[in-house]
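Enquirer: One structure, as structure tokens, below. Some questions next.
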Ligand SMILES: Nc1ncnc2c1ncn2[C@@H]1O[C@H](COP(=O)(O)OP(=O)(O)O)[C@@H](O)[C@H]1O
Ligand code: SF4
Ligand SMILES: [Mg+2]
């Protein structure tokens, strides 16, 4: 792992306007991502966890420039994506790909594997004939553990795990540096999950890939991540090396998530913490620390001020008044 950041986010915000119309100015916003600052080093896997709706997918889409920023800065290899010109942007886009949770709905059912995986190669003029395309696709499908006879099959002829392999091969086609894996194994059976995670790890080593690995499942994230960022209602509440997050979590939200997740290491003592209620709406998030209505440790100040993300030990950041 190299310490140069491939991606750097500075005070990144994404507010989605809601309830507005052409005549009426928008009155409310969904604060999907609220002031996120973090870096992803070259060759690293950064896990991003948190309950549904906390802004994980939006954060990934902002990095990939599928969503535009409301505020803040994103640098890819030191280049500011907002000020990059069209040509630079095209190159940056090629370096970043995404793998989705549901490989079925992201694969066109009327196209063959050769057409699906070959599409980015054709669009970018990397291959010019059908034969060239099929040769390249063949290499890619072998790389992800599919077989040559799969080349002209359709998505419905594959199992869930195989479909995810097709999605991975498609993401690899343009030799990206970063892959945003958005819940890539959440729709798969547990036994298949491990195979896909192992494949992603092998490919990372072979091609020097960097991953942003998004999941609501802490156990999956632990296996693959070097560091883990925990997100709650648009904010990063804890960020640390993977072992630290599991062995020595500090934020009450992280503790609750871990106590609710099966931990492979029986040495780690767990006192179950019940996380009551759902994540509040990001339209009107609770004042102060967003987590206070559900926090067992909350005290008066938590309702007023917003805690900063503080470095409590080397590389271990926590956003909670208990650690000031
Ligand atoms: N295009 C959009 N317009 C309005 N709200 C959105 C849009 N995309 C996401 N959101 C809202 O932003 C919040 C974060 O969503 P998302 O990033 O998908 O969370 P996660 O991936 O953690 O489940 C949610 O409240 C969601 O409803
Ligand atoms: S700041 Fe207060 S409410 Fe927020 S996590 Fe810490 S103790 Fe709980
Ligand atoms: Mg999501």
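The values are calculated or read from the model by the stated rules, or taken from the named source; none is laboratory data. Because the structure is a prediction, the values reported are computed rather than measured. FYI the Cβ positions are ideal-geometry reconstructions off the backbone, even for glycines, and counts take in every protein chain you see.
Enquirer: One residue is enough: does the stretch 19-42 have a residue meeting the conditions surrounded by 15 or more Cβ atoms within 10 Å (Cβ to Cβ) and part of a loop (DSSP other than H, G, I, E, B)?
Expert: Yes, some residue in the stretch 19-42 is surrounded by 15 or more Cβ atoms within 10 Å (Cβ to Cβ) and part of a loop (DSSP other than H, G, I, E, B).
Enquirer: Sticking with this one: With respect to residue 125, determine if the residue is part of a loop (DSSP other than H, G, I, E, B) and either over 24 Å from residue 67 (Cα atoms) or in the same structural domain as residue 196 (by TED's automatic domain parsing) (or both).
Expert: The answer is yes for residue 125.
Enquirer: Right, next: Just the residues that are in a loop (DSSP other than H, G, I, E, B) and either buried (at least 18 other Cβ atoms within 10 Å of the Cβ) or without any contact (Cβ under 8 Å) to a residue 40 or more places away in the chain (or both), please, taken from the stretch 176-186.
Expert: Correct list: 176, 177, 183, 184, 185.
Enquirer: Hey, another quick one. For residues that are surrounded by 17 or more Cβ atoms within 10 Å (Cβ to Cβ), within 16 Å of ligand 1 (Cβ to nearest atom) and at pLDDT 90 or above, tally how many sit in the stretch 70-107.
Expert: So the count comes out to 6.
Enquirer: Additional query: Go through the stretch 138-154 and give me each residue that's farther than 18 Å from residue 98 by Cα and either crowded, with 19+ Cβ neighbours inside 10 Å or touching a residue at least 12 places away in the same chain (Cβ under 8 Å) (or both).
Expert: The answer is 138, 145, 146, 150, 151, 152, 153, 154.
Enquirer: Taking only pairs six or more apart or across chains, which ones have beta-carbon atoms under 8 Å, a first residue in the stretch 8-19 that is on the phi > 0 side of the Ramachandran plot and modelled with pLDDT of 95 or more, and a second residue that is part of a strand (DSSP E or B) and surrounded by 15 or more Cβ atoms within 10 Å (Cβ to Cβ)?
Expert: Filtered contacts from the stretch 8-19: 11/35; 11/36; 11/37; 11/72; 11/73.
Enquirer: Report whether or not residue 222 is at pLDDT 95 or above and away from ligand 2 (no atom under 16 Å from the Cβ).
Expert: no
Enquirer: Working only within the stretch 43-52, note down all residues that are over 21 Å from residue 257 (Cβ atoms) and either within 16 Å of ligand 1 (Cβ to nearest atom) or crowded, with 20+ Cβ neighbours inside 10 Å (or both).
Expert: 44 - this is the single residue of the stretch 43-52 that is over 21 Å from residue 257 (Cβ atoms) and either within 16 Å of ligand 1 (Cβ to nearest atom) or crowded, with 20+ Cβ neighbours inside 10 Å (or both).
Enquirer: Would a scan of the stretch 282-295 turn up a residue that is farther than 23 Å from residue 244 by Cα, in a loop (DSSP other than H, G, I, E, B) and within 16 Å of ligand 3 (Cβ to nearest atom)?
Expert: So far as the stretch 282-295 goes, yes, one or more of its residues are farther than 23 Å from residue 244 by Cα, in a loop (DSSP other than H, G, I, E, B) and within 16 Å of ligand 3 (Cβ to nearest atom).
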